[in-house]
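Beneath this line is the structure, given in structure tokens, with notes to follow.
The values are calculated or read from the model by the stated rules, or taken from the named source; none is laboratory data. Note that this is a predicted model, so its numbers are computed, not measured. When we count neighbours, we look across all protein chains shown, and the Cβ atoms used for this are built from the backbone with ideal geometry, even at glycine.
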Amino acid sequence: MSHLIIYTDLDATLIEHTTQDFTPALPMLKELNRKAIPLILNSSRTVPELLHLRKEMDNRHPFGAENGGAVCTPVAYFSGPQVALDHEIKIDYLGLNYKAILEALQELKDLHDFSYIGTNDFSVPNLAEETNMSLEMAIKAKSRVCSEALLWLDSKESMIHFEGQLAERNLRLIKGGRFYYVISKRADKGGAVSWINFNFAEAHPSDSFFTVGIGDSLNDLPLLKSVDLPVVVKPPRGEALNLAHPKAIYTEQSGPLGWVEGVEKVLERLKL
Ligand SMILES: [Mg+2]
């Protein structure tokens, strides 16, 4: 028996980039629940942000936070039937801890005077204003465990230098929709996909799984490359990602409308 699992990015795909709205996707979210197709959120957002959003989406599945730095699984998800929405969550850390990353960043700033603002430097009201989030969500966005989000204010040349310095400390820079993320070299959204796939396979050894990934930006590449069928949602600005996968799906619309379009095309193609 083969089961479909959908891994999805959030910002500028399932969630509108500027308004944070995902209401156009609600009927499809309901439909996936009705069809018992697991929708796995795989985002650069933090654990508390994702716990909040998945509740609003009535999503009871595991999820990847902070670009794959942390994978959260409702306890008993892989051993029992349907779990409650507020079920206790177990976190597996696939990256370095936040304190170690902030220490490395401080050391680099002292040595090289790079110019950027990190989430740690933002006050809650300033972060809320910058991201168009509520104060409550900005508090959650500052609650990080394994990556730092930053707005780069320096030159491109400095960024190349910065990336070289990060590499010497087993860190790297990932570009998201709005922020850059400093994260462990060994963590990315593809790692979260492998981790969760492994758990599905182990829990259901006689079943096979067909995986779909949905994303719009560079930090989604590891996710899109780790699945059987990638879906590229048209980004709000700039060129869409161009994948080598011969059967990749590209949407014409962006944001939640593009996300719905992509999922519809997947269900149609798989006759589900
Ligand atoms: Mg995105």
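For segment 15-26, the criterion of a residue being within 13 Å of the ligand (Cβ to nearest atom), surrounded by fewer than 23 Cβ atoms within 10 Å (Cβ to Cβ) and polar (S, T, N, Q) is satisfied by at least one position. Answer yes or no: is there a residue in segment 150-158 that is within 21 Å of L223 (Cα to Cα), of a type in the set (F, W, Y) and not in a loop (DSSP other than H, G, I, E, B). Within segment 150-158 (the criterion being within 21 Å of L223 (Cα to Cα), of a type in the set (F, W, Y) and not in a loop (DSSP other than H, G, I, E, B)), the answer is no, since none of the residues qualifies. A count restricted to segment 18-48 and to residues that are part of a helix (DSSP H, G or I) and not polar (S, T, N, Q) stands at 12. Exactly one residue out of H3, H61 is more than 15 Å from the ligand (Cβ to nearest atom) and under 15 Å from the mean Cα position of the chain (by Cα): that is H61.
Looking at segment 150-190, which of the residues that are in contact with a Lys or Arg (Cβ under 6 Å, 6 or more places away or on another chain) and surrounded by fewer than 18 Cβ atoms within 10 Å (Cβ to Cβ) is farthest from T131 (Cα to Cα)? The selected residue is N170. In segment 201-215, the residue that is surrounded by the fewest Cβ atoms within 10 Å (Cβ to Cβ) out of those that are of a type outside the set (G, A, S) and at pLDDT below 95 is P205.
Could you please let me know if T46 is assigned by TED's automatic domain parsing to the domain that holds G262 and loosely packed, with under 15 Cβ neighbours inside 10 Å?
No.
Failed condition for E239, given (1) in the same structural domain as S44 (by TED's automatic domain parsing); (2) farther than 15 Å from N42 by Cβ; (3) touching a Phe, Trp or Tyr at 6+ places or on another chain (Cβ under 9 Å); (4) surrounded by fewer than 22 Cβ atoms within 10 Å (Cβ to Cβ), with all others met? Of (1) in the same structural domain as S44 (by TED's automatic domain parsing); (2) farther than 15 Å from N42 by Cβ; (3) touching a Phe, Trp or Tyr at 6+ places or on another chain (Cβ under 9 Å); (4) surrounded by fewer than 22 Cβ atoms within 10 Å (Cβ to Cβ), only one is false for E239: (3).
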